[in-house]
1. Residues in the stretch A:418-428: is at least one surrounded by 15 or more Cβ atoms within 10 Å (Cβ to Cβ), within 15 Å of A:W196 (Cα to Cα) and in contact with a helix residue (DSSP H, G or I) (Cβ under 9 Å, 6 or more places away or on another chain)?
2. For A:Y385, indicate whether it is within 16 Å of RNA strand B (Cβ to nearest atom), part of a strand (DSSP E or B), assigned by TED's automatic domain parsing to the domain that holds A:R142 and at pLDDT below 95.
3. Taking A:A179 and the conditions (1) free of Cβ contacts under 8 Å to residues at least 60 places away in the same chain; (2) assigned to a helix (DSSP H, G or I); (3) surrounded by fewer than 17 Cβ atoms within 10 Å (Cβ to Cβ); (4) not basic (K, R), which numbered condition does it fall short on, given that it satisfies the others?
4. Within the stretch A:1-11, is there a residue that is more than 26 Å from the chain's Cα centre (by Cα) and over 18 Å from A:V96 (Cα atoms)?
5. Could you tell me which residue of the stretch A:234-248 is nearest to A:L101 (Cα to Cα), considering only residues that are at pLDDT below 90 and open to solvent by less than 60 Å² (accessible area, probe 1.4 Å)?
6. Which pairs do you get when a residue that is among the aromatic types (F, W, Y), found in the stretch A:442-455, comes within reach of a residue that is assigned to a loop (DSSP other than H, G, I, E, B), reach meaning Cβ atoms under 6 angstrom, with the pair 6+ apart or on two chains?
7. Grab the strands (runs of 3 or more DSSP E) fully contained in the stretch A:226-344, keeping just those with 2 or more residues being among the β-branched types (V, I, T).
Amino acid sequence: MPWSILEYLRKDPEVLRNSLRKRFMDESLVDNAIKYDVEWRKVLTEVNNLRHKHNQISQQIAKVSDEERRVLISEAKELLKTIEVLEKKLDEIERVRDDLLTSMPNIVHPSVPVGSDDSYNIPIRAWGRAKVYSEFLDEFLRNTAGKGVNMDYEVIDWRPIGHADMLEYVLKLGDTLKAAEVSSSRFYYLFDDIVWLDIALLTYAIDYLTSKGFKLVLPPYMLRQQYMAGVVDLATFKDAIYKVEGDDLYLIATAEHSLAALHAGDEIPEEDLPLLYVGVSPCFRREAGAGSRDIKGIFRVHQFHKVEQFAYTMPEQSWDVFESLISNAEELYRNLELPYRLVNVVSGELGSPAAKKYDLEVWYPAQGRFRELVSCSNCTDWQAYRLKIRYLRRKGTVRDYLHTLNSTAIASTRTITAVLENHQKPDGVVEIPKALRKYLEVYSKAPKDYIHPAKR
RNA sequence: GCCGGGGUCGCCUAGUCCGGUAGGGCGCCGGCCUGCUAAGCCGGUGGGGAUACCCCCGCGCGGGUUCAAAUCCCGCCCCCGGCGCCA
């Protein structure tokens, strides 16, 4: 039963305290959990002893005479009363203990920078030649060379139009105002060339990853609460997840959720690992904590399409696979000619499931900042424990929790915004990345090289 | 949604009517035996707590009846078949 968190809780709790400190969370959680775990084991032993006594009496009853039976039955009944009281106590302790355990975030990996917010993220490498409007040069340099990673750039003397205005007013290929009226804010209608682009981006990513041996999956878009709770933490549940009224179903916020649930309860032989999946699905997000951030355009929306990489691995494989998932993502963005930097995300911004996370951030010329397009996480055994997914080593003699990892490949709407800003010409024409051409050529009405501003 | 059948230790299966320690086969692991292999024999093969014995829980899930539930009762989930509805 070596779930890393429970194991450390019993053998070396300082590891957990230290991890919580790095996340700026209250480390008393650990001592509280220890207290309840010790108490739980103590009461469990008491209950088990009483149950044993009761079982013994119960088994005698079948074999004795009528008079003896009457005596034994009343004895058993007495015992049951005691057991019942103690079992109630045990259930209560167990409930508290499990709540404490499942509220425990994953253990922060030693290589994760410690810091409270994303200004402490550490850039690891950068790629591409960023178009930097003169006014944004200081900001650009502060976030590249200033943080120890050099990135090629060219200063431009015109300010590109922001992706939201491009979509809505220059190209006139999106209508977020009507969508807000009929749905609510953060919804959108997209038309023609942008829809082709959305489709092409998805097939592009699918083609790339299936060529690399990933198994293609179209997963359920809704999951029961039990499985959703195995994949996400409470904060995500509250802020990101839509509930379907009248059913025990939740809309997925990413294919990661369904792909993690795919092997819930399974035991996977060592020789089958790693299992690599590429899922494609719509994603539904409440964005409850977002306030009015990115309220314009389609950067932060309630629904979008995403191609997602997901891996099940042996514990000793997961850090290598982690690196390979992010390098897949990088290659996808390099081929789209989108300049990016890769950051090692600070401890304070890590979600509970993740032990370590890389974000791929593309430079947005009109906004003058880097923005997250890809998030790649190693969840180690955090999800596997909750979903009871184990590996079998050496023909079933060792059984243990495996590791799960996930990474964005392409999130459609967000990638579209990056294309609209980075491949925009001074005259408002958007050049389509050549890597997408092949996926657009199959459609007679799809654009092939350029998307042109609407005629007025 | 309705009617019927089903869900037992990795797989197959007995036990359910009639309540009393869940049995067998296959596979797998370990051991014995043996020129080698096969066969044969012995033990193990779910979760948890103790770890020197050992104990508790586990028959789709959750309740109930009972000293005692795989077995009886109630609710739910899933699978198969039929009917209905349907892109």
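The values are calculated or read from the model by the stated rules, or taken from the named source; none is laboratory data. Just so you know, these numbers come straight off a predicted model, no measurement behind them. Every residue, glycine among them, receives a Cβ derived from its backbone with ideal geometry; neighbour counts consider all protein chains shown. Note: accessible area is taken over every heavy atom of the protein model, side chains too, but ligands, DNA and RNA are not part of it. Shrake-Rupley method; radii C 1.70, N 1.55, O 1.52, S 1.80 Å.
1. Taking the stretch A:418-428 first, the residues surrounded by 15 or more Cβ atoms within 10 Å (Cβ to Cβ) are A:418-424, A:428.
Pick out the ones that are also within 15 Å of A:W196 (Cα to Cα) and you get A:419-420.
Restricting the remaining residues to those that are in contact with a helix residue (DSSP H, G or I) (Cβ under 9 Å, 6 or more places away or on another chain) gives A:419-420.
Yes - at least one qualifying residue is present in the stretch A:418-428.
2. Working: within 16 Å of RNA strand B (Cβ to nearest atom): yes; part of a strand (DSSP E or B): no; assigned by TED's automatic domain parsing to the domain that holds A:R142: yes; at pLDDT below 95: yes.
Criteria not met by A:Y385.
3. The failed condition is (3).
4. In the first step, residues of the stretch A:1-11 are kept if they are more than 26 Å from the chain's Cα centre (by Cα); the result is A:10-11.
Restricting the remaining residues to those that are over 18 Å from A:V96 (Cα atoms) gives A:11.
Yes: one or more hits.
5. A:A235
6. Every condition considered, the pairs that remain are A:Y450/A:V429.
7. Details: elements: A:242-244, A:249-251, A:267-269, A:275-284, A:303-313, A:340-344.
In the stretch A:226-344, the matching strands (runs of 3 or more DSSP E) lie at A:275-284, A:303-313.
For (1) in contact (Cβ under 8 Å) with a residue 40 or more places away in the chain; (2) within 16 Å of RNA strand B (Cβ to nearest atom); (3) buried (at least 19 other Cβ atoms within 10 Å of the Cβ); (4) under 30 Å from A:K425 (Cβ atoms), each residue gets a yes or a no:
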residue: A:E337; (1), (2), (3), (4): yes, no, no, yes
residue: A:L342; (1), (2), (3), (4): yes, no, yes, yes
residue: A:A354; (1), (2), (3), (4): yes, no, yes, no
residue: A:N378; (1), (2), (3), (4): yes, no, yes, no
residue: A:R399; (1), (2), (3), (4): yes, yes, no, no
residue: A:S407; (1), (2), (3), (4): yes, no, yes, no
